[in-house]
Structures are given as structure tokens and as C-alpha cells.
Amino acid sequence: MKNVGVAYHEFYEKHDTGYHPERAERVIHTKNQLEELDLFGDGHKSHFHTIIPRLAELTEIQWCHSPQLIEKIQQLSTRAQKWDELLFTDGTYGDTIISGSSFTAARYAIGGNFQAIDDIMSQKIDRSFVLCRPPGHHANNTEARGFCFFNNIILAAEYLIHKWGLKKVAIIDFDAHAGNGSEEILNNRNAEGEILFFSIHQHPATLYPGTCFVDEIGEGKQRGKTVNLTVLPYSGQKCIQNLFNQIINPMMEEFKPEFILVSAGYDSHHADTLTAMGLMDQTYSFIIQELAKMSSKFAKNRIQCTLEGGYNLVAIGNSIANTINALAEDNVIFVEDDNYDESQKGIEFTMNQLIPELQDHLKPFWSTF
Ligand SMILES: [Zn+2]
């Protein structure tokens, strides 16, 4: 059994988006469910721990974001607070809403990731889940977008490199939407350390943000270290298993990450109406089990998940419970009927087109191919 910490802060509920899919109920419902299952909170089992998030410093946020973006988010949030209204960060009719508490919430979301890393690196816990809002993986160096202000996951990777001196960090993003902000920040990155970035997402021709195709493998220093695993709608768990067997695990074996970070987005669940990837409750257990094997081989068991999307409350509650129990290496809690929404077309595309194309693009950079 592994010791697992869950980070939660009341400000994760206070980031007010009004009538919007990315809403406070997502984390409130999930926290309640985790407490009921004895995975978080008072009276939890001995191997579950509470992480108290701190505020991220503005200088830390600048590892990934321009001072102009940070100032803009701070000013918009202050204005929203003053007039007690909700504003958009991306034009009058955008999709990224900011409230009076949002800037502080965003700093606690980043700081929750930092504190969880400190707790892992100082060996208080082995692994963690940061149950935070706002999410981060669509935010790039200069833009807040797609419900995201600052990129929590890349900031977490920078924290591991700058504060803890690690050299190799791997990130897996399994949100149904591509981690386009993460990809773009990594393309502009010149700092020390190596970040291997996998984004498993629904094919960008069928879903926001419409970028991060299979031939985008990183630019500059990042070339060969960004991997876009673009599955067709209704691909389901079998595709994910094949992608781990043939792409992710062999690359992990060669890369030997010292820490594994996860952009944990649960809109890839079949019950999520915004998307159509077709994953099941137990698919998230499977993903963590695969990463756990790699973490025990190379990363002293260190895995940290941070919440991204996921808008069906029942699905995220069950799937996050499965994720956390898998981090602890305990039994799978929620198991659905097999092969939900899985299409033969999706499996054939993954096996006959996606995997060979990925191997082709990555071959010059990885001896495993
Ligand atoms: Zn998403």
C-alpha cells in the first residue's frame, strides 16, 4: 500500500463561474464522495493524508507565464470583486469566466500542486491528487483560455526542476481535450531539465482546441518529447491499453522519469456530454496502475495527479475515487460493464494508423522504435 495525499482548499469552491460546466459542484461533490469512501478527510484510512495548499508566489507563476498575463488576471479578478460580477478573460463572449475569488483560487491551485510535491519529495507521502480549480492545461505563456488561467501541470514540472533539482519529469494528460497550453509552453521552453509530455485526447479534428495533431512532436529543445495520442471518438479502454503497451511504456522505459505528473481530466469518461472518448470508471484505475509500474521502476513511486476537466458529477466522483485508490495500490472500487461505447473503427484506427504514425514520427528521437 502507498501513502496518498489529497490537496483541497476552500478557494477551489470560491472560483465562481456562474452557469457553466466548469463549476464548484465538481470538486464539492467529489470531496464528499471521497469522504464517504474514506479516501479523504477526518477518519480516513491510515494511508490517506490531507495536503494543505499554499499560495503560489507571482515569481513562481512567471516560470511559465508573462507578467502581462498575471497582471491581467489579477486586475480582472479585482474588478470582478469590486463590482460583484463575473467577467470573461477572453473577450465579452468567451468561455473563461473570472470572479472576485478567481485569482486567489488560481494561486492556491498552483500552490496545492507545489505543497503536494513538497510532501512527496520530503517523503511524508508517496503520491498525491490535487483536487483543484481552476484547471490549467489550456493556458499558455500569454493567454488564459478554455476555462484555464495558469498552467498548473507545467508549473508543477518547473517546481520539481527548479526547487527540487530533478532532471527528468514525465507528464501524462488524459483529458479528452488536447493539452494545447502545455504543448505551447513546452515549445517555448529553454530552461534546464527535460519534460516528456504525452497528451491522450480525442482527435482534434472532432473537438476543441483543434490543435495537437499526431505530427506535432515538439519544437526546439522539446523536439521528440511531445507526443499527441489522438484517438477517434468512442475509442474506449482497449485503445488506451494499446497506446500504453506500444508507445507510452516503451518511451518511459527509455526516458526513465524521476517523477510522473498527471493532467487528470475526466471529460474522457463516456458519461461526459461535452466529449466522446468512451473511457470507463475502471480505465482510470488501469492508467494509474500502468504509471505506478513505471514510477516504482524509475521514480521512487512518485506520482502526482492534478485535476483538469470532467463535467459529469457522478463520473468524476467515481473516476477520481478509482484514481486515488489506484495511487494507493488498493482494489478498483467502481467497475462498469466492459467496452462501453467502444467502436471497432476507433480500435482499428488506433492499431493500424495512429500507433504506426506515432512510431514513424518519433523514430529519429527514440531507439525503442
Ligand atoms: Zn477537457
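What is the sum of charges around ILE125, taking Lys and Arg as +1, Asp and Glu as -1, for the other residues whose C-beta is under 9 Å from the C-beta of ILE125?
+1
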Report the net charge of residues surrounding VAL214, where surrounding means a beta-carbon distance below 14 angstrom and charges are Lys +1, Arg +1, Asp -1, Glu -1.
-4
Measuring from its Cα centre, the chain shows a charge dipole (+1 at each Lys and Arg Cβ, -1 at each Asp and Glu Cβ) which, in debye to the nearest 20, is 1040 debye
ASP95 accessible area, 1.4 Å probe, all protein chains in place, Å² to nearest 10
60 Å²
Which whole-number value in Å² is the accessible area per residue of the range 57-99, probe 1.4 Å?
61 Å²
Helix-only estimate, please: 222 nm mean residue ellipticity of the chain, summing -39500 (n - 2.57) across DSSP H runs of length 4 or more and dividing by its residues, to the nearest 500.
-11000 deg cm²/dmol
Separation between the GLU192 and LEU274 pseudo-spin-labels, each 7 Å from Cα along Cα→Cβ, expressed in nm?
3.8 nm
Enter the Cα centre distance for the pair the range 1-38 and the range 236-308, rounded to the nearest angstrom.
21 Å
Using 7 Å Cα-to-Cβ label points, what is the ASP360/LYS221 separation (nm, one decimal)?
3.1 nm
Based on the Cβ-Cβ distance of GLN81 and ASN352, what FRET efficiency does E = 1/(1 + (r/R0)^6) give at R0 = 56 Å, to the nearest 0.05?
0.55
Mind checking the range 1-39 for GluC sites (Glu not before Pro) that DSSP puts in a loop (not H, G, I, E or B) and that have at most 16 other Cβ atoms within 10 Å?
GLU10
Any idea how far apart HIS162 and ILE52 come out in nm if each label point goes 7 Å out from Cα toward Cβ?
2.5 nm
On alpha-carbon atoms, Rg over Rh for the chain using Kirkwood Rh?
0.94
Within the range 278-315: backbone nitrogen closer than 17 Å to the VAL332 label point (7 Å, Cα to C-beta):
278-293, 315
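The values are calculated or read from the model by the stated rules, or taken from the named source; none is laboratory data. All values reported here derive from a predicted model rather than from experimental measurement. Note: ideal-geometry Cβ built from the backbone for every residue, glycine included; neighbour counts use all protein chains shown. Please note that ligands, DNA and RNA were not included when accessible areas were found on the heavy atoms of the full protein model with its side chains. Shrake-Rupley method; radii C 1.70, N 1.55, O 1.52, S 1.80 Å.
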